[in-house]
Amino acid sequence: MRKKILFGVCIILFVGAIVWYALQKPKEENKDELKIGVSLYIKDDAFVNSIVSQMQTRAVIYEQRTGKKVALNISCADGSQREQNKQIEKYISLQYDVICVNLVDRTNAAPLIDQVHEANIPLIFFNREPVKEDIFRQEDVYYIGTDAKETGIQQGQAVADLYEKYTKLMDKNQDGVLQYVILEGEMGHQDTALRCEYVLQTLQQEGILLEKLDADTADWLYSPAEAITEEWAKEFGDDIELVLSNNDEMALGAVSALKAQNISAAIFGIDATPAGREAVRNGEMWATVDCDAEQQGKILLDMVTALATDKITEKEGIKESRYVRVPVTTYVSENIK
Ligand code: BGC
């Protein structure tokens, strides 16, 4: 009987040791498939979708290079934080390797962060930035995006440079003041507040006189921006000289509305989406700020695979700094008429 018990204990210890050893092995060695969960705040955001499609492209390249499969599970929260939390709970219960979140409500990330941390899964936020205290409340929480202030400064700089070059064309009534409207992104989004603040501050610092005709939020979207600009066109007509838009999609909505009324105005966006670039190339938009969705998607995928295979330590300083800010540049039209 004693011998049997001893034998049983030995077996248990042996199996336990094997399990322990397997858990100690670098993740990379015992994984042929990396399971990555991505949750987006809505389905139809042009800029966010460019980032995600770049992630998908890079995942295929990674698979070809390493022979490991990257299973990217992408879900959309339809603007509901509750829905997003559910999606993340699902990723946790299925033991995903890394979770990437494009937050619905960027002011309320703490519960989600704690939950993912408890499950011991690395968490990367992108594009919609949680507050700093939330990013640092747990280990293995990161943010990838641009510097919102810098995007506003560069938009302002582009307006100032082009005003110098095309003063007569821009200041249609020649009163030495630029009459402007501003299309704002979602309220509460870090990019909305900072882009609005710094584009205007930069123009003031450049000594450009401005008169605000109106401002309204179109939630980053083309159709609401088109409708708002239609109203502005009726109200202000040719008095509109400058349209400052917090992103390209809304700038394109303004392009369409003003074109329909035969009003010419200098329209500026931010993002450099494919459609935005095209509009800059053909002179419908005067400039945009390139937020490099391609680079953001690439860095995201690199981070994901590094975290999933325990190679994150190779990413210089990121473990401590937690933030990756992708540089932005200005993309100006050479076709202004
Ligand atoms: C982009 C917008 C996008 C928003 C979504 C911003 O950084 O400029 O185009 O709609 O992020 O969060």
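The values are calculated or read from the model by the stated rules, or taken from the named source; none is laboratory data. Model, not experiment: these values are computed from the prediction. For neighbour counting, all protein chains shown are included, and Cβ atoms are generated from backbone atoms with ideal geometry for every residue, glycine included. Accessible surface is based on the protein model in full, side chains and every heavy atom, while ligands, DNA and RNA are left aside. Shrake-Rupley method; radii C 1.70, N 1.55, O 1.52, S 1.80 Å.
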Report whether or not residue 98 is of a type in the set (Val, Ile, Thr), open to solvent by less than 10 Å² (accessible area, probe 1.4 Å) and at pLDDT 95 or above.
yes
Note down all Cβ pairs under 8 Å where the first residue falls in region 47-64 and is in contact (Cβ under 8 Å) with a residue 60 or more places away in the chain and over 21 Å from residue 32 (Cβ atoms), the second is buried (at least 20 other Cβ atoms within 10 Å of the Cβ) and among the aromatic types (Phe, Trp, Tyr), and they're at least six residues apart or on different chains.
47/220; 48/41; 51/126
Just to be sure I understand, how many residues within region 243-283 are aliphatic (A, V, I, L, M), over 17 Å from residue 227 (Cα atoms) and in contact (Cβ under 8 Å) with a residue 60 or more places away in the chain?
3
Does residue 218 satisfy being aliphatic (A, V, I, L, M) and surrounded by fewer than 22 Cβ atoms within 10 Å (Cβ to Cβ)?
no
In the set 295, 204, the lone residue that is away from the ligand (no atom under 16 Å from the Cβ) and either out of contact with any strand residue (DSSP E or B) (no Cβ under 9 Å at 6 or more places or on another chain) or modelled with pLDDT of 95 or more (or both) is 204
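Return yes or no: is residue 78 loosely packed, with under 14 Cβ neighbours inside 10 Å and without any contact (Cβ under 8 Å) to a residue 60 or more places away in the chain?
Spelling it out, residue 78 is indeed loosely packed, with under 14 Cβ neighbours inside 10 Å and without any contact (Cβ under 8 Å) to a residue 60 or more places away in the chain.
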Residues within region 248-270 that are open to solvent by less than 10 Å² (accessible area, probe 1.4 Å) and either within 16 Å of the ligand (Cβ to nearest atom) or at pLDDT below 95 (or both), tallied
9
Number of the exception - residue 201 against (1) within 15 Å of residue 147 (Cβ to Cβ); (2) open to solvent by 40 Å² or more (accessible area, probe 1.4 Å); (3) within 16 Å of the chain's Cα centre (by Cα)
(3)
Any residue in region 155-162 that is more than 16 Å from the ligand (Cβ to nearest atom), open to solvent by 50 Å² or more (accessible area, probe 1.4 Å) and in contact (Cβ under 8 Å) with a residue 12 or more places away in the chain?
yes
Under 8 Å between Cβ atoms, at least 6 apart or on separate chains: pull out the pairs that start in region 284-305 with a residue that is closer than 23 Å to residue 122 by Cβ and end on any residue that is aromatic (Phe, Trp, Tyr).
293/47; 296/126; 300/126; 301/62; 303/142; 305/62
Identify all residues within region 271-292 that are assigned to a helix (DSSP H, G or I), open to solvent by 20 Å² or more (accessible area, probe 1.4 Å) and within 15 Å of the ligand (Cβ to nearest atom); write none if there are none.
274, 275, 277
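Do we find that residue 51 is away from the ligand (no atom under 14 Å from the Cβ), out of contact with any Cys (no Cβ under 9 Å at 6 or more places or on another chain) and either in a loop (DSSP other than H, G, I, E, B) or among the hydrophobic types (A, V, I, L, M, F, W, C) (or both) in this structure?
no
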Residues located in region 171-186, provided they are within 23 Å of residue 107 (Cβ to Cβ) and open to solvent by 10 Å² or more (accessible area, probe 1.4 Å)
184, 186
Just checking, which of 46, 110, 71 is away from the ligand (no atom under 12 Å from the Cβ), farther than 15 Å from residue 308 by Cα, touching an Asp or Glu at 6+ places or on another chain (Cβ under 7 Å) and open to solvent by 10 Å² or more (accessible area, probe 1.4 Å)?
110
